[in-house]
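For reference, the structure is listed below as C-alpha cells.
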Amino acid sequence: MPNGEPQPSPAAQFRTHRHDVLNELQLIRAYLQMERPAQAVAVVDRLSTWLQSLTTWQISAGAFGEQLMWTAAVCPHVLLDSFTCQIPPVDDVVEQFCRWLKMWNDELSIRGQRGRLCVTVDQSGFRIMCSDEEVVKRIDEWTGAYPDLDFVVNRW
C-alpha cells in the first residue's frame, strides 16, 4: 500500500466492524432498559442502513468491491447512498479512495456526525458527492491530498 501503510487483514477489519456493530447493539439495549423505544428504533434504523450500504459497496463495485466493502465496514459514520462504476479504476486510485474514506469517517466520528455519499467511478476516476457541509471548507485540501478523487458537495 502507498505511503508505507500496511493493508489491514480481513480478520482485523472484521474485528473492528464487529466492535462497531456491538456498540450499536449495546445502545439499543440501553435505550430499551431506559424505556426509550423511539431511540432504540432510531439506532436499529441507523445500523440497518449502514449494513445495507456495505452490501451496495460489495455488489456495485465489481472486482474491487470487496476491498471497498471491507474498508467501509470499518467506517460506521459513512453511509453509501449509491455507487456507479462505469470503468474499473487502477489499484492506486482505489487505495487513495480507501485512505480518504477512513480519514473522513474519523473526522465525522470526532464531530459526532454521520456523512452520506454517492460515488461514481469513470475514466476520470472517483467522483464523490458528499453530504457533509464541512467538505466545502476542505475541498482544496482534499483535492491536493487525493488528486485522483473529485469531490462535490451535495446538500441532501
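Here, each number is a calculation from the coordinates, and none is a lab measurement. Keep in mind that this is a model prediction, so the values were computed, not measured. When we count neighbours, we look across all protein chains shown, and the Cβ atoms used for this are built from the backbone with ideal geometry, even at glycine.
Between PHE126 and ASP150, the built amide H atoms are under 5 Å apart, and every one of these is 5 or more places off in sequence or on another chain. As a ratio to 2.2 N^0.38 Å, the alpha-carbon radius of gyration computed for the chain takes the value 1.07. Each Lys and Arg adds +1 at its Cβ and each Asp and Glu adds -1 at its Cβ; summed about the Cα centre, the range 8-153 shows a dipole of about 560 debye. Here the range 42-68 and the range 126-155 have alpha carbon centers that stand 21 Å from each other.
Note that the range 28-36 has calculated 3J(HN,Hα) couplings of 4, 4, 4, 4, 5, 5, 8, 6, 10 Hz, one per residue in order, obtained from phi through the Karplus relation 6.51 cos²θ - 1.76 cosθ + 1.60 (θ = phi - 60°); glycine and proline are x.
Would you work out which of CYS98, CYS118, PRO37 lies farthest towards the positive end of the dipole of the range 8-153, given +1 charges on the beta-carbon of Lys and Arg and -1 on that of Asp and Glu, about the Cα centre? Selected residue: PRO37. In order along the range 44-61, the Karplus-derived 3J(HN,Hα) couplings, from 6.51 cos²θ - 1.76 cosθ + 1.60 at θ = phi - 60°, round to 4, 4, 4, 5, 4, 4, 5, 5, 5, 5, 5, 5, 4, 4, 5, 8, 9, 9 Hz, and Gly and Pro are given as x.
Evaluating 6.51 cos²θ - 1.76 cosθ + 1.60 at θ = phi - 60° for every residue in the range 17-27, the Karplus couplings come out as 4, 4, 4, 5, 5, 4, 4, 5, 5, 5, 4 Hz, glycine and proline recorded as x.
Full extension of the chain between ILE110 and VAL136 gives 7.6 nm of extra length, using 0.36 nm per residue less the Cα-Cα distance. Per-residue ellipticity at 222 nm from helix content only, as computed over the chain with -39500 (n - 2.57) for each DSSP H run of at least four residues, stands at -19500 deg cm²/dmol.
Around GLY112, what is the net charge, scoring Lys/Arg as +1 and Asp/Glu as -1 over all other residues with Cβ under 15 Å from its Cβ?
Counting the neighbours of GLY112, the net charge comes to -4.
If both residues of a DSSP beta bridge must be in the chain, then about 35% of such bridges are antiparallel.
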